[in-house]
Amino acid sequence: MIETHIIPVTPFQQNCTLLWCGKTRKAVVVDPGGEIERIRAAIDKLNLSVERILLTHGHIDHVGGAAALSAALAAPIEGPHREDGFLIEGVYLARQCGMFGLPPVEGFTPARWLDDGDEIHFGDETLRVIHAPGHTPGHLVYFHAGARLAQVGDVLFRDSIGRTDFPRGDHPALIRSIRERLFPLGDDIRFIPGHGPMSTFGRERARNPYVGDGASV
């Protein structure tokens, strides 16, 4: 059985998520945006063995602590999709830090870029990688079929959707990603967004004013 723990970090209250195999305690960390000491404290308290760090996309609020946490845990960074490579280069990360008044972080290259259909294994658990562009061109979603759970980053939120006014954002692509790649997984799928409370795809199909069944897009 997969287990989860959400740690909202930084002033952005970004949902860094720990996912682990309940049997083996082997784990992944999704989107460590910062405050890595808090993240490490949670890992230690839960007695987890982190095997890798996963990134949904390259924005600073999701990747700001990735390189430092990777070094501290000796765990490789995997993801996002290669199309987000420009976002995690040193120059662009520095620009994002300056824009938001954040301490500087170094650029990095993931140990593994991820593609649609790839699988992530930890303990007895498996996540499927879904490429869901729009918020960024290389945005990924991590889906656990058995638990009916998805970590969707900044693609979809409770009652909202991801912004597309950042470099290489694409609103029509975002809507297609949600309607054609996420909603067909099932109304019962619970999802962890990049910020804010969890929801289900069924709730968003019924009520989301931007991408629900009744929305004009």
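Bear in mind that the values in this text are calculations on the coordinates, not laboratory data. Keep in mind it's a predicted model, so treat the numbers as computed, not measured. A quick note on method: Cβ atoms are made from the backbone with ideal geometry, for glycine too, and the neighbour counts reach across all protein chains shown.
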Check your understanding: Fully extended, how many nm does the chain gain between Arg25 and Met99 (0.36 nm per residue separation, minus their Cα-Cα distance)?
Key -> 22.8 nm
Check your understanding: In nm, to one decimal, how far is the modelled label at Glu106 from the one at Ala41, with both set 7 Å along Cα→Cβ?
Key -> 2.6
Practice item. Starting from the Cα-Cα distance between Arg176 and His121, subtract it from 0.36 nm times their residue separation and give me the gain in nm to one decimal. Key: 17.0 nm
Study note, to complete from the structure: With N residues in the stretch 1-94, Rg(alpha-carbon) / (2.2 N^0.38 Å) equals 1.03
Revision key, fill the gap. Share (percent) of C-alpha pair distances in the stretch 58-174 greater than 24 Å works out to 28
Exercise for review: Round to a whole angstrom and tell me the spacing of the C-alpha centers of the stretch 130-152 and the stretch 40-75.
Suggested key: 18
Exercise for review: Report, as a whole number in µm² per second, the diffusion coefficient that Stokes-Einstein gives for the stretch 23-76 at 4 °C and 1.567 mPa s using the Kirkwood radius over alpha carbon pairs.
Suggested key: 117
Revision key, fill the gap. Of all trypsin sites (Lys or Arg not before Pro) in the stretch 1-103, the ones in DSSP coil with at most 13 other Cβ atoms within 10 Å are Lys23
Point to revise | Hydrodynamic radius by Kirkwood, which averages 1/r over all alpha carbon pairs of the stretch 91-150, in angstrom | key: 13.9
**Study point:** Descending semi-axes in whole angstrom, ellipsoid equivalent of the chain, from the Cα gyration tensor
**Key:** 25, 21, 15
Revision key, fill the gap. About its Cα centre, the chain carries a charge dipole, from +1 on Lys and Arg Cβ atoms and -1 on Asp and Glu Cβ atoms, whose size in debye to the nearest 20 is 340
Exercise for review: State the volume of the convex hull built on the alpha-carbon positions of the stretch 69-116, expressed per residue in Å³ and rounded to an integer.
Suggested key: 80
